[in-house]
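Working notes for the structure below.
Each value in this text was obtained by applying a stated rule to the coordinates, not by laboratory testing. This is a predicted model, so every value here is computed, not measured. Because the Cβ atoms are built from the backbone with ideal geometry, glycine has one as well, and the counts that use them run over all protein chains shown.
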Amino acid sequence: MVKHTENDDWLKDAFKSEPIADDGFSNLVMRRVQRQVLIRRWTMPIAMLIGGVIAAKPAAELIIFASRFIEILPTQVSALPMTWLPHGTTFAIAAVLILIGSGFAQALQD
């Protein structure tokens with residue numbers, strides 16, 4: 001059990017005071033903090049939505065290209081020259097870009 005000494009009484013008397021009026025300062029600080037939290041919470045979803053809208057047309061063109069490619073593929077594969085296939089460096093560059101993009105996305109989450 002803790003013993004009560006006269007120093008404890010002196011400390012209580014030394015630090016006893018009325019709360020200081022802040023004229024709404026703490027409420028203003030709390031509103032600003034909450035506003036910053038709200039902004040940070042909605043920044044990423046809004047950016048993803050805007051990016052999705054911008055990427056919609058190229059994505060649609062890619063889907064159309066892929067569907068045409070799939071239609072051609074079974075019947076005319078033997079007729080196509082092998083030079084139209086992408087080279088290994090293209091795949092290597094794509095892999096590096098995917099790794100960099102995933103690292104950037106991970107950094108955004110942190």
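General remarks:
- Debye log10 I(q)/I(0) at q = 0.15, 0.19 Å⁻¹ for the stretch 25-76, Cα point scatterers: -0.63, -0.75
- Legend: calculated FRET efficiency, Ile50 to Ser26, from the Cβ-Cβ distance at R0 = 41 Å, rounded to 0.05, equals 0.70.
- Dipole-positive endmost among Gly52, Gln36, Phe69 within the stretch 25-76 (Cβ charges, Cα centre): Gln36
- Taking 0.36 nm per residue of separation and subtracting the Cα-Cα distance, full extension of the segment from Leu99 to Glu6 would add 26.8 nm.
- Thr90-Trp42 FRET efficiency (beta carbon distance; Förster radius 25 Å; 0.05 resolution): 0.10
- Shown here: the stretch 2-49, whose C-alpha atoms stretch 65, 31, 8 Å along the first, second and third principal axes, sorted largest to smallest.
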